[in-house]
1. Give me the pairs, please: first residue somewhere in the range 10-23 and under 11 Å from G118 (Cα atoms), second residue anywhere and within 8 Å of ligand 1 (Cβ to nearest atom) and among the hydroxyl-bearing types (S, T, Y), beta-carbon distance under 6 Å, and either six or more positions apart or on two chains.
2. Identify, please: which residue in the range 1-15 is within 21 Å of L137 (Cα to Cα) and modelled with pLDDT of 95 or more and is, among those, surrounded by the fewest Cβ atoms within 10 Å (Cβ to Cβ)?
3. Which of the residues that make up the range 34-52 are of a type outside the set (S, T, Y) and either within 13 Å of ligand 2 (Cβ to nearest atom) or under 23 Å from H78 (Cα atoms) (or both)?
4. Of the conditions (1) within 16 Å of ligand 2 (Cβ to nearest atom); (2) touching a Ser or Thr at 6+ places or on another chain (Cβ under 9 Å), T112 clears all except one; give me its number.
5. Looking only at the range 79-93, how many residues end up being in a loop (DSSP other than H, G, I, E, B) and either modelled with pLDDT of 95 or more or buried (at least 20 other Cβ atoms within 10 Å of the Cβ) (or both)?
6. Only one of R89, R57, R134 is charged (D, E, K, R) and within 13 Å of ligand 1 (Cβ to nearest atom). Can you tell me which?
7. When only residues in the range 60-78 that are in contact (Cβ under 8 Å) with a residue 12 or more places away in the chain, among the polar types (S, T, N, Q) and surrounded by 11 or more Cβ atoms within 10 Å (Cβ to Cβ) count, which is farthest from ligand 1 (Cβ to nearest atom)?
8. Let me confirm something: among W109, W96, which residue is within 22 Å of N138 (Cα to Cα), buried (at least 18 other Cβ atoms within 10 Å of the Cβ), in contact (Cβ under 8 Å) with a residue 12 or more places away in the chain and over 13 Å from the mean Cα position of the chain (by Cα)?
Amino acid sequence: MTANPLWYQNGLQFGCRQCGRCCIGEAGYVWVNEEEITAMADYLGLNRNMFVAHFVRKVGKQKSLIELNNGDCVFFNHEIRGCQLYEVRPTQCRTWPFWNQNIDAPNSWKKTAKFCSGCNKGDLHAVEEIEEKRKKLNL
Ligand code: SF4
Ligand code: SF4
């Protein structure tokens with residue numbers, strides 16, 4: 001349960017600086033559901049099974065995009081410093097940084113801002129939008 005969701009009642013500022021840090025480096029998971037897999041495969045013009053065989057791994061009952069040996073998401077493009085599948089990126093990526101674990105308390109947001117230079121910069125996101133994103137996934 002979120003400890004104090006209203007601490008960001010007046011919204012939070014966020015504007016991606018395209019450093020790529022949330023997509024590369026550390027090992028982690030990019031959770032994907034069936035709908036998202038189909039959208040990504042279609043976007044790349046690939047057969048769905050082919051897409052799964054090359055880019056998806058099973059983690060227990062869930063599915064994640066694979067990452068390279070260095071921890072980079074397989075779809076991070078270093079040349080453009082961004083996501084190769086931006087238009088159809090998974091919900092997990094669309095809702096960053098407004099995840100439960102990042103906004104459950106002011107300190108969590110502070111920690112997130114140390115990791116992500118886009119926090120506390122750029123557009124002000126209203127509490128309604130933040131809440132909509134936060135509730136999409138249990139992260
Ligand atoms: S870490 Fe933050 S600023 Fe960097 S790419 Fe990710 S969202 Fe953008
Ligand atoms: S799918 Fe795209 S936005 Fe999501 S982690 Fe991979 S490169 Fe980043």
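The values are calculated or read from the model by the stated rules, or taken from the named source; none is laboratory data. Keep in mind that what you see is a predicted model, and the values were worked out from it rather than measured. Cβ: placed from backbone, ideal geometry, glycine included. Neighbour counts: every protein chain shown.
1. Close Cβ pairs satisfying both conditions: R17/S117; C19/S117.
2. Q9
3. Selection gives E36, I37, A39, M40, A41, D42, L44, G45, L46, F51, V52.
4. So the condition that T112 fails would be (2).
5. So the answer is 4.
6. R89
7. Only one residue fits best here, namely Q62.
8. Values: W96 fails: over 13 Å from the mean Cα position of the chain (by Cα).
On inspection, the qualifying residue turns out to be W109.
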